[in-house]
Amino acid sequence: MAAPMELFCWSGGWGLPSVDLDSLAVLTYARFTGAPLKVHKISNPWRSPSGTLPALRTSHGEVVSAPHKIITHLRKEKYNADYDLSARQGADTLAFMSLLEEKLLPVLIHTFWIDAKNYVEVTRKWYAEAMPFPLNFFLPGRMQRQHIERLQLLCGEHRPENEEELEKELYQDARECLTLLSQRLGSQKFFFGDAPASLDAFVFSHLVLLLQVKLPSGKLQAHLRGLHNLCAYCTHILSLYFPWDGAEVLPPRQTPVGPETEEEPYRRRTQVLSVLVGLAAMVGYALLSGIVSIQRATPARTPGPGALSMAEEEEEE
């Protein structure tokens, strides 16, 4: 009997099944198609078999990263949400996916990772509390730099030099995109009728983050909340496909109970990385404090508890 497919994704928060845009898209597509996945919701990307999230371990042991590649693999396994779409609807899917990436994704990156107030009070706060020590000290900052680079790539050579002009342009494009999505959806349950497709998974993951998270600086939220059909659309998908995930809160860190043989490779890797980072931090402190001699050996410090044993079909860290 083949091993089950395993999906590794960011854990939930803010009333959502996952706090990450890409993880949300893959989770939603999997729910739409009924793909039999063993889901590992974690807050340490180094526990993923690829070192990134989301990641899929196939039934043959191969590892697939990036949401589009994961969805392509699910389609090959006969879990295809677009099976009944016409050629015209397939073309519309590609067009709207491009629209999301060009017009809405840049604003989501700016809102959660660039806007100083949102980043400090919401984004960094969640990741710093969710990640195990010592990753919570440096990974949020590294993730922010990666998102800044991604935004620069998305904006390309047409990016205005003035930050205020860039922000104004981004939010104007996003408002137009949301209005267009609202008009295209109309009074339908989903974008192509009564059954969800891959486009719905990506639209939902983009919209629900803006809709659900309480942002101190929510410049686009008011516009989205004024588009009532998009709000009802997100609420409908949350209640229908994530009835027990929607009220999810960050689980408290606990001491693992019971055997963890399945988790052992990830736990060992976390321990080694934690020791290396801890040693580097102590050496840096010694140098900055004017301590020249570093002859004293520092014992390896066991990382704080962060992994729970996994026994259910959908498991939390």
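The values are calculated or read from the model by the stated rules, or taken from the named source; none is laboratory data. Keep in mind that this is a model prediction, so the values were computed, not measured. Positions of Cβ are generated from backbone atoms using ideal geometry, with glycine treated the same way; all protein chains shown enter the neighbour counts. What goes into the accessible areas is simple: the full protein's heavy atoms, side chains included, and nothing from ligands, DNA or RNA. Shrake-Rupley method; radii C 1.70, N 1.55, O 1.52, S 1.80 Å.
Take residue 233: with every protein chain present and a 1.4 Å probe, its accessible area is about 10 Å². Only the Cβ atoms of Lys and Arg (+1) and of Asp and Glu (-1) were treated as charged; on that basis the dipole of the range 95-154 about its Cα centre amounts to roughly 140 debye. Annotation: the antiparallel percentage among DSSP beta bridges lying fully within the range 1-135 is about 55.
As a fraction of the 1.4 Å probe accessible area of the range 19-176, surface on carbon and sulfur atoms comes out at 49 percent. Only protein heavy atoms count here; on that basis, with a 1.4 Å probe, residue 19 has an accessible area of about 10 Å².
In the context of the full protein assembly, residue 59 retains an accessible surface of approximately 30 Å², using a probe radius of 1.4 Å and ignoring ligands and nucleic acids. Rg and Dmax of the range 122-244, based on Cα coordinates, read 17.0, 48 Å.
Ranking 103, 219 by solvent-accessible area of protein heavy atoms (1.4 Å probe, all protein chains present), from largest to smallest, gives 219, 103.
This model, with +1 at the C-beta of Lys and Arg and -1 at the C-beta of Asp and Glu, gives the range 13-115 a dipole about its Cα centre of some 420 debye. Taken over the range 48-150, the percentage of Cα pairs per 10 Å bin, counting from 0 up to the bin with the maximum distance, is 13, 30, 31, 22, 4, 0.
Please report the relative contact order for the range 2-42, taking Cα pairs under 8 Å with a sequence separation of at least 6, and give it as a percent rounded to a whole number. Once normalised by length, the contact order is 56 percent. Cross-link partners among lysines for residue 103, C-alpha distance below 17 Å, same-chain residues fewer than 8 apart left out? Filter leaves 168, 219.
A simple rule links phi to the HN-Hα coupling: the Karplus curve 6.51 cos²θ - 1.76 cosθ + 1.60 with θ = phi - 60°, which for the range 57-69 gives 9, 6, 5, 9, x, 6, 10, 10, 10, 6, x, 5, 5 Hz, with x for Gly and Pro.
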